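Participant: One structure, pasted below without further comment.
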Amino acid sequence: EKPLFVRQSVTNWVSPSEDVPTGGWTEEESIELAKRLVNEGVDLVDCSTSGCNPKQSIPLSPGYQVRFATSIRNKVPGMLTGAVGLIADAVQANDILEQEKADLVFLGRALLRKPNFALDGALKLGVFLQYPHQCERGRNKTKFTFL
C-alpha cells in the first residue's frame with residue numbers, strides 16, 4: 001500500500017463582488033472536501049491555492065499558504081497536510097514542522113534557485129546529512145567532516 005496525496009487549491013482568493021456575487025472557492029469548502037477525501041482513503045492534502053482568476057488578490061509573503069495546511073490539519077481528524085508557498089529557507093521549513101503547522105513541507109522554486117538547499121539547510125540547522133560519497137571531500141569543515 002502506498003500513501004495517496006491530493007493537491008488541493010484551498011482557495012482561489014476571489015472575494016464576493018458585483019462581478020462574482022458568491023465569490024470563489026473558499027477555505028471552508030476545502031475543509032469539507034478534505035473531510036470527504038479522508039473518508040475515501042486520502043492520506044495527505046498538499047495545501048496550495050489557485051492563481052488563475054483576474055479578480056483575485058493574493059497576499060504574497062513568506063509562507064503565505066501555510067495557514068491553510070494548518071487549518072485543514074486542525075479541522076480534519078486523520079488528514080495529514082503538506083505546506084507550500086514561498087518557503088525558501090531551511091529554518092522556515094523546519095519551524096513549520098516543529099510548530100506542527102503541517103506534516104510535510106513541499107519545496108518548489110527554492111530548490112530551483114538553490115540546488116544545494118538540503119545540504120546548506122542541514123549545515124544551518126546543525127544536523128548531519130550524508131553527502132554523496134564522491135562529494136564528501138567538498139564538505140565545509142564542520143563537526144561532520146570526515147576527510
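Participant: Quote the accessible area belonging to residue 75 in square angstrom, nearest 10, computed with a 1.4 Å probe and with ligands, DNA and RNA left uncounted.
Facilitator: 110
Participant: Just reorder 6, 84 by solvent-accessible area, largest first, 1.4 Å probe, all chains present.
Facilitator: In descending accessible area the options line up as 6, 84.
Participant: Near residue 5, within a Cβ-to-Cβ distance under 15 Å, what is the net charge of the other residues, with Lys and Arg +1 and Asp and Glu -1?
Facilitator: My count for the surroundings of residue 5 gives -2.
Participant: Okay, moving on. Rounded to two decimals, what is the ratio between the C-alpha radius of gyration of the stretch 26-81 and 2.2 N^0.38 Å?
Facilitator: My calculation over the Cα atoms of the stretch 26-81 gives 1.19.
Participant: Still on this structure: With the Cα gyration tensor of the stretch 1-117 in hand, give its eigenvalues times 5 under a square root as the equivalent ellipsoid semi-axes, listed largest first in whole angstrom.
Facilitator: 24, 20, 12
Participant: Also, quick follow-up: Quick one: pull the percent of accessible area on the chain belonging to carbon and sulfur, 1.4 Å probe, ligands and nucleic acids left out.
Facilitator: Carbon-and-sulfur percentage of accessible area, whole number: 54.
Participant: Leaving out ligands, DNA and RNA but keeping every protein chain, what accessible area does residue 107 have, in Å² rounded to the nearest 10, with a 1.4 Å probe?
Facilitator: Answer for residue 107: close to 50 Å² accessible.
Participant: In terms of solvent-accessible area of protein heavy atoms at a 1.4 angstrom probe, what is the ranking of 47, 52, 135, highest value first?
Facilitator: 52, 135, 47
Participant: Toward the positive end of the charge dipole of the stretch 11-122, about the Cα centre and with charges on Cβ (Lys, Arg +1; Asp, Glu -1), which of 84, 121, 14 goes farthest?
Facilitator: 121
Participant: Mind checking which of 110, 93, 102 has the largest fluctuation in a GNM of the chain, springs on alpha carbons under 10 Å?
Facilitator: Residue with maximal mean-square fluctuation among 110, 93, 102: 110.
Participant: Rounded to the nearest 500, what is the 222 nm mean residue ellipticity of the chain from helices alone, with -39500 (n - 2.57) per DSSP H run of 4+ residues and division by all residues?
Facilitator: That calculation yields -9000 deg cm²/dmol at 222 nm.
Participant: Do you know the Lys pair count in the stretch 1-136 for C-alpha distances under 19 Å, with sequence separation 8 or more or different chains?
Facilitator: Here the count comes out as 4.
Participant: With an 8 Å cut-off on Cα pairs and a minimum separation of 6 or more residues, tell me the relative contact order of the chain in percent.
Facilitator: 18
Participant: What's the magnitude of the charge dipole for the chain around its Cα centre, counting Lys and Arg as +1 and Asp and Glu as -1 at the beta-carbon? Answer in Debye, nearest 20.
Facilitator: Result for the chain is approximately 800 debye, rounded to the nearest 20.
The values are calculated or read from the model by the stated rules, or taken from the named source; none is laboratory data. Just so it is clear, the model here is predicted, and its values are computed rather than measured. Note: ideal-geometry Cβ built from the backbone for every residue, glycine included; neighbour counts use all protein chains shown. Accessible surface areas use protein heavy atoms only, side chains included; no ligands, DNA or RNA. Shrake-Rupley method; radii C 1.70, N 1.55, O 1.52, S 1.80 Å.
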